[in-house]
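A.B. asks: What follows is a structure written as structure tokens; I'll ask about it next.
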Amino acid sequence: FMKTIQDTPDAVLTGIYSRSAQTAEKLAAQFGASFAFSSMEELCACPQIDAVYIASPNSLHAAQTRQCL
């Protein structure tokens, strides 16, 4: 999805979340994201984030969706 966002006009990959700060930073640098998050709280509080794609295991989707809302 990250590559597709890069190739889509009017779409911007703003931030990447990973439980590992190192992974988030590596992916953000690789795909040109402005933010690397290792905290869902920080991601949800970031005013530059308009939409979130949740790619975690299915068992976490409901809780993470509620958190983002």
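A.B. asks: Given a 1.4 angstrom probe, what's the average accessible area per residue across the chain, in square angstrom? Spell out each step's value before the answer.
C.D. replies: Working: 5090 Å² over 69 residues.
Computed with neighbouring chains in place, this is 74 Å² per residue.
A.B. asks: If you don't mind, another one. Can you list residues from other chains, or at least 5 along the same chain, whose modelled amide H is less than 5 Å from the amide H of A36?
C.D. replies: Amide H to amide H, under 5 Å and 5 or more residues apart or across chains, A36 pairs with I16.
A.B. asks: Do the sum for the chain: with -39,500 (n - 2.57) for every DSSP H run of n ≥ 4, divided by all residues, what is the mean residue ellipticity at 222 nm, to the nearest 500 deg cm²/dmol?
C.D. replies: Counting only the DSSP helices, I get -13000 deg cm²/dmol.
A.B. asks: Within the range 6-69, list the trypsin sites (Lys or Arg not before Pro) lying in a DSSP loop whose Cβ has at most 14 other Cβ atoms in a 10 Å radius. Spell out each step's value before the answer.
C.D. replies: Details: sites: R19, K26, R66; in loops: R19.
Those satisfying the criteria are R19.
A.B. asks: If I model a spin label at V52 and A11 as a point 7 Å from the Cα along the Cα→Cβ vector, what separation in nanometres do I get?
C.D. replies: Roughly 1.9 nm, to one decimal.
A.B. asks: Using the Cα centre as the reference, give the magnitude of the dipole from point charges on the C-beta atoms of the chain (Lys, Arg: +1; Asp, Glu: -1; all else neutral), rounded to the nearest 20 debye.
C.D. replies: Numbers: 4 positive and 6 negative charges, 46 e Å.
Roughly 220 debye, rounded to the nearest 20.
A.B. asks: May I pose another question? For the chain, report the % of Cα-Cα distances exceeding 18 Å.
C.D. replies: Values: 839 of 2346 pairs.
Here the long-distance tail beyond 18 Å is 36 percent of all Cα pairs in the chain.
A.B. asks: Ok, one more. Of the accessible area of the range 10-69, with the probe set at 1.4 angstrom, what percent is carbon plus sulfur? All intermediate terms of the calculation are to be shown ahead of the outcome.
C.D. replies: Working: 2160 of 4260 Å².
Ligands and nucleic acids excluded, carbon and sulfur give 51 percent.
A.B. asks: Can you pull out the chymotrypsin sites (Phe, Trp or Tyr not before Pro) in the chain that DSSP calls coil and that have at most 12 other Cβ atoms within 10 Å?
C.D. replies: Numbers: sites: F1, Y17, F31, F35, F37, Y53; in loops: F1, Y53.
Sparse-neighbourhood loop chymotrypsin sites (Phe, Trp or Tyr not before Pro): F1, Y53.
A.B. asks: Ordered by residue, what ³J(HN,Hα) values in Hz, to whole numbers, does the range 57-68 give under the Karplus form 6.51 cos²θ - 1.76 cosθ + 1.60, where θ = phi - 60° and Gly and Pro are x?
C.D. replies: Result, ordered by residue: x, 3, 5, 9, 4, 4, 5, 6, 5, 4, 5, 5 Hz.
A.B. asks: Using 0.36 nm per residue, how much length does the chain from M2 to S18 gain when fully extended, once their Cα-Cα distance is taken away? Numbers along the way, then the final one.
C.D. replies: Numbers: separation 16, 0.36 × 16 = 5.76 nm, distance 1.37 nm.
Gain on stretching M2 to S18: 4.4 nm.
A.B. asks: Show me, for the range 16-24, the HN-Hα J-couplings you get by feeding each phi into the Karplus relation (A = 6.51, B = -1.76, C = 1.60, θ = phi - 60°), rounded to Hz, glycine and proline as x.
C.D. replies: Result, rounded to whole Hz: 10, 10, 8, 5, 9, 4, 4, 5, 4.
The values are calculated or read from the model by the stated rules, or taken from the named source; none is laboratory data. Quick caveat: nothing in here was measured; it's all calculated off a predicted structure. As a convention, Cβ positions derive from the backbone with ideal geometry for all residues, glycine included, and neighbour counts pool all protein chains shown. For the accessible areas, the whole protein counts, side chains as well, though only heavy atoms, and no ligand, DNA or RNA atoms are used. Shrake-Rupley method; radii C 1.70, N 1.55, O 1.52, S 1.80 Å.
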